[in-house]
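In what follows, a single structure is set out as structure tokens and then discussed.
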Amino acid sequence: MNLPRNRKEEIVGVFSRAAATYDRIGPRYFAHFGRRLVERAHIAPGANVLDVAAGRGAVLFPAARQVGPLGRVIGVDLSAEMVRETVAEIQDAGPPNAEMLLMDAEELRFADASFDCVLCGFSLWFLPRPHRALAEFFRVLKPGGRIGITTWAKDCPTNGWTIRTVRQYLPPQDGQGPQPSRFDTPPILEAALQQAGFKGVEIVVEDAEFTFTDEEEWWSSLWSHGLRRFLEQMAEPALQECKADVLKKVQAFKQQDGIHAVRRALIAVANKPQR
């Protein structure tokens, strides 16, 4: 019975420790796909938008620009450090129509039919009960409202080999249960959205190439997002072996201007029926 709560605390801890550098080391690929999600969602000016697991604002900021001064975007995150960092950024440079709140994606503190659009970027598989979160997204959407979600594709060229390499150096996991779905193929993601009640699901697969300055920037970037949870489990000797292995493999992607990495994402949009 404590598994969801314990997993939630673990994930919140990882992202709290990564908050200061999240999407701030190397090329900002979360920001890139955040803009693409907002574009694919076709959000109307003046709309009220909810950004779930908003992190450092990769979706929040482009959504705020899209809805304009008559619209409103609320970002929620369960990491107090993520909220603090993003609130500071909003207070420093705006936009004035955006705000951040500390809130659980599985227990949204909003009335039914509060938003025209709900967005969630690269977070669904981290939630202990993602189907409950999707039900909450559906509840707070107005009839006819729009949902937009991004996940990493199962065949993502960069994520695939990186995760496989890192996992080789993890300590043995006793009593490990089945791994949660990563919603990383179009059929799996579409089925989850349909199960939650959404209609007219459209999913596109998009590639984008990003360039890291050098090997150390690449390695540092691994500590700035969710992969950090694996690195933190390693004792120092294993961590150094892992680093050497990763940096050896990354040579295959090195060009004169740096290390080139292709990220492949699924961008899904769907509607809540009018009735």
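The values are calculated or read from the model by the stated rules, or taken from the named source; none is laboratory data. Everything quoted here is computed from the prediction, not taken from an experiment. Cβ sites come from the backbone with ideal geometry, for glycine too, and all protein chains shown count toward neighbours. The accessibility values were calculated without ligands, DNA or RNA, using every heavy atom of the protein model including side chains. Shrake-Rupley method; radii C 1.70, N 1.55, O 1.52, S 1.80 Å.
What are the pairs with Cβ atoms under 6 angstrom where one residue, in region 81-96, is touching a residue at least 24 places away in the same chain (Cβ under 8 Å) and of a type in the set (Ser, Thr, Tyr) and the other, located anywhere, is in a loop (DSSP other than H, G, I, E, B) and surrounded by 12 or more Cβ atoms within 10 Å (Cβ to Cβ)? Sequence gap at least six, or different chains.
Hits for this filter: Thr86/Arg56; Thr86/Gly57.
Does Glu216 satisfy being touching a Lys or Arg at 6+ places or on another chain (Cβ under 7 Å), open to solvent by 30 Å² or more (accessible area, probe 1.4 Å) and not hydrophobic (A, V, I, L, M, F, W, C)?
Values: touching a Lys or Arg at 6+ places or on another chain (Cβ under 7 Å): no; open to solvent by 30 Å² or more (accessible area, probe 1.4 Å): yes; not hydrophobic (A, V, I, L, M, F, W, C): yes.
For Glu216, the condition - touching a Lys or Arg at 6+ places or on another chain (Cβ under 7 Å), open to solvent by 30 Å² or more (accessible area, probe 1.4 Å) and not hydrophobic (A, V, I, L, M, F, W, C) - is not met.
In region 137-159, which residues are open to solvent by less than 30 Å² (accessible area, probe 1.4 Å), farther than 23 Å from Arg264 by Cα and not hydrophobic (A, V, I, L, M, F, W, C)?
Step one: filter region 137-159 for residues open to solvent by less than 30 Å² (accessible area, probe 1.4 Å), giving 137, 140-141, 145, 147-153, 156, 158-159.
Those still in the list that are farther than 23 Å from Arg264 by Cα too: 137, 140-141, 145.
Listed by number, the list holds a single entry, Gly145.
Give the residues of region 183-213 that are open to solvent by 40 Å² or more (accessible area, probe 1.4 Å) and either small (Gly, Ala, Ser) or farther than 30 Å from Pro143 by Cβ (or both), sorted by residue number.
Ala191, Gly200, Asp207, Glu209, Thr211, Thr213, listed by residue number.
Residues checked against (1) touching a Phe, Trp or Tyr at 6+ places or on another chain (Cβ under 9 Å); (2) of a type outside the set (Phe, Trp, Tyr); (3) in a loop (DSSP other than H, G, I, E, B); (4) within 20 Å of Asp155 (Cα to Cα):
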site	(1), (2), (3), (4)
Met234	yes, yes, yes, no
Pro237	no, yes, no, no
Lys243	yes, yes, no, no
Val246	yes, yes, no, yes
Ile259	yes, yes, no, yes
Arg263	yes, yes, no, yes
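Between residues in region 62-78 that are small (Gly, Ala, Ser) and residues that are open to solvent by 70 Å² or more (accessible area, probe 1.4 Å) and assigned to a strand (DSSP E or B), which pairs lie under 9 Å by C-beta distance while being six or more apart or on different chains?
Final answer for the pair search is Ala64/Arg72.
Given the conditions (1) in contact with a Gly (Cβ under 9 Å, 6 or more places away or on another chain); (2) more than 25 Å from Leu134 (Cβ to Cβ), which single one is not true for Pro95?
(1)
Taking region 57-71 as the region of interest, how many residues are over 22 Å from Glu209 (Cβ atoms) and surrounded by 20 or more Cβ atoms within 10 Å (Cβ to Cβ)?
Step one: filter region 57-71 for residues over 22 Å from Glu209 (Cβ atoms), giving 57, 60-61, 63-71.
Those left that are additionally surrounded by 20 or more Cβ atoms within 10 Å (Cβ to Cβ): 57, 60-61, 63-64, 66-67, 71.
Going through region 57-71 one residue at a time, the tally reaches 8.
Evaluate region 258-272: report whether one residue or more is surrounded by fewer than 13 Cβ atoms within 10 Å (Cβ to Cβ) and either under 24 Å from the mean Cα position of the chain (by Cα) or farther than 26 Å from Ala133 by Cβ (or both). I'd like the intermediate steps shown before the answer.
Step one: of region 258-272, the residues surrounded by fewer than 13 Cβ atoms within 10 Å (Cβ to Cβ) are none.
Scanning region 258-272 turns up no residue that is surrounded by fewer than 13 Cβ atoms within 10 Å (Cβ to Cβ) and either under 24 Å from the mean Cα position of the chain (by Cα) or farther than 26 Å from Ala133 by Cβ (or both).
All but one of (1) in contact (Cβ under 8 Å) with a residue 12 or more places away in the chain; (2) surrounded by fewer than 22 Cβ atoms within 10 Å (Cβ to Cβ); (3) farther than 23 Å from Lys8 by Cα hold for Cys117; which doesn't?
Failed condition: (2).
In this structure, is Ser224 among the polar types (S, T, N, Q), crowded, with 17+ Cβ neighbours inside 10 Å and under 16 Å from Tyr29 (Cα atoms)?
Working: among the polar types (S, T, N, Q): yes; crowded, with 17+ Cβ neighbours inside 10 Å: yes; under 16 Å from Tyr29 (Cα atoms): yes.
Here the answer is yes, as Ser224 does meet what is asked.
Just to be sure, is Ala31 of a type in the set (A, V, I, L, M), under 30 Å from Asp257 (Cβ atoms), in contact with a Lys or Arg (Cβ under 8 Å, 6 or more places away or on another chain) and open to solvent by 10 Å² or more (accessible area, probe 1.4 Å)? Break it down stepwise before answering.
Values: of a type in the set (A, V, I, L, M): yes; under 30 Å from Asp257 (Cβ atoms): yes; in contact with a Lys or Arg (Cβ under 8 Å, 6 or more places away or on another chain): no; open to solvent by 10 Å² or more (accessible area, probe 1.4 Å): yes.
So Ala31 fails the test.
I'd like to verify a number: residues in region 1-51 that are under 14 Å from the mean Cα position of the chain (by Cα), part of a helix (DSSP H, G or I) and under 17 Å from Glu206 (Cβ atoms), how many?
Residues flagged as under 14 Å from the mean Cα position of the chain (by Cα), part of a helix (DSSP H, G or I) and under 17 Å from Glu206 (Cβ atoms) within region 1-51 amount to 10.
Looking only at region 238-253, how many residues end up being open to solvent by 20 Å² or more (accessible area, probe 1.4 Å) and more than 25 Å from Ser16 (Cα to Cα)?
9
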